[in-house]
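No value in this document is a laboratory result; all are computed from the given coordinates. Bear in mind the structure is a predicted one, so any value in this text is a computation, not a measurement. Here the Cβ positions follow ideal geometry from the backbone for every residue, glycine too, while neighbour counts run over all protein chains shown.
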Amino acid sequence: MLTFFSEDSRLRRARTELHDGALVSPFECPERIDLVLRHIRQAGFEVRTPEAYGLGPVHAVHDADYVSFLETCWPSWQAAGHEGEAIPNIWPARSMRSDHVPRSVSGKLGYYALGADTSLCEGTFSAAMGSKDAALGAVAHTLHTQAPSFALCRPPGHHAASDQFGGYCFFNNAAIAAQYALDAGKRRVAVLDVDFHHGNGTQEIFYTRNDVLFASLHGDPEVTFPYYLGYADETGAGEGQGYNLNFPLPPGTSVAAWMQALEQALAAIQAQECELLIVSLGVDIFEDDPISAFTFKSADFIALGERLAQAGLPTTFLMEGGYAVEEIGVNVVNVLQGFERES
Ligand SMILES: NCCCNCCCCCC(O)(O)C(F)(F)F
Ligand SMILES: [Zn+2]
């Protein structure tokens with residue numbers, strides 16, 4: 001399967017992540033790229049550098065002030081004399097106001113941040129630009145040829161909302177790709193999120209719209225990040241009512257139960273006559289993933305790819321999560337090869 005990847009993805013090399021009360025080396029590290037690329041190349045997939053699509057497709061999804069913040073935060077943080085990486089420690093929490101963006105970079109940081117797990121640092125903006133270009137290159141290829149494609153997106157995107165970063169995400173690659181497809185003439189696009197964590201950002205971006213059907217299978221937010229979105233009663237609003245489907249599943253969910261939820265998601269995608277399928281492919285549903293709690297074995301990823309091919313839609317896969325265990329490369333390629341064999 002044709003793979004798109006931008007070397008700019010390597011430019012974000014955060015040193016710290018606030019995890020379980022300590023600053024640790026980030027789980028979402030550049031080495032993930034090499035783990036996946038090695039297996040992609042062993043599988044014989046062509047790897048193509050995408051063209052630079054600029055900020056237009058980003059502004060079609062994200063607010064301009066948020067994009068400007070991402071571009072200027074790191075230099076502003078350094079200019080303010082802060083020693084460490086840019087990590088928020090105050091938010092417009094419930095008791096505060098959120099109709100005003102403070103002038104200070106510390107105030108802006110909390111305003112635009114979902115949480116404190118994602119440090120901003122040198123190269124973050126450039127890497128996010130490379131990541132969304134890979135997504136755009138892949139979806140443009142699928143739109144042009146009907147053939148499936150894969151974008152090795154890093155950093156990931158599905159937690160990024162219209163004006164918020166977090167969960168290792170800055171630009172919502174899946175939303176940017178979906179909007180690009182709609183602008184290219186598709187009447188309805190399905191975004192299927194199979195990452196262990198709920199795609200809160202993708203949900204927020206399309207929540208009141210019926211031209212994107214968002215379906216997500218994920219760890220129950222009662223006990224799983226991002227905790228505050230991803231419940232089954234979130235079904236869309238206004239014109240989007242019925243076009244948002246959440247399938248929260250308890251930690252330890254069997255693959256059989258997970259696949260049953262997938263059947264429901266695919267039935268809805270078929271019923272709503274979607275013309276393109278974008279898969280937010282997180283392979284952190286793997287049984288050995290260090291920060292997740294589902295039970296996929298590597299062979300189950302083949303079955304996942306096969307089942308998605310049976311949906312019969314032009315399909316673009318975008319890399320989301322999956323952490324530095326050797327198997328993430330095997331698991332990604334298993335999905336893509338399973339899909340290709342079944343197509
Ligand atoms: N103790 C719980 C710590 C949770 N920390 C943040 C987890 C972020 C997951 C990111 C992801 O896997 O959903 C993505 F696909 F975006 F990369
Ligand atoms: Zn995840």
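General observations
- C-alpha long axis of helix 124-145 to longest principal axis of the chain, angle in °: 20
- Bridge type composition, the chain - antiparallel percent by DSSP, nearest 5: 15
- Between the Cα long axis of helix 173-183 and the first principal axis of the chain there is an angle of about 70°, rounded to the nearest 10.
- Sorted ascending by nearby beta carbons within 10 Å, beginning with the fewest, Phe196, Phe27 become Phe27, Phe196.
- Computed [θ] at 222 nm, helices only, for the chain once each DSSP H run of length n ≥ 4 contributes -39500 (n - 2.57): -11500 deg cm²/dmol
- When Asp34, Asp133, Asp163 are arranged by Cβ crowding within 10 Å, least crowded first, meaning fewest neighbours, the order is Asp34, Asp163, Asp133.
- Amide N of the range 141-179 lying under 15 Å from the label point, which is placed 7 angstrom from the Cα of Gln272 along Cα→Cβ: 175, 178-179
- Those aspartates and glutamates that a straight Cα-Cα span of less than 17 Å connects to Lys297, excepting residues fewer than 8 apart in one chain: Asp195, Asp284, Glu287, Asp288, Asp289, Glu306, Glu326, Glu327
- Rounded, prolate or oblate (a/c below 1.5 giving rounded, otherwise prolate when a/b exceeds b/c) for the chain by Cα gyration tensor: rounded
- Here the residues Val139, Val279, Val47, ranked from fewest to most Cβ neighbours within 10 Å of their Cβ, fall in the order Val47, Val279, Val139.
- Subtracting the Cα-Cα distance of Asp65 and Glu31 from 0.36 nm times their residue separation leaves 9.1 nm of extension gain.
- For a straight C-alpha distance cut-off of 27 angstrom, the lysines reachable from Lys186 (same-chain residues fewer than eight places away being disregarded) are Lys132.
- Between the helical axis of 298-309 and the longest alpha-carbon principal axis of the chain there is an angle of about 70 degrees.
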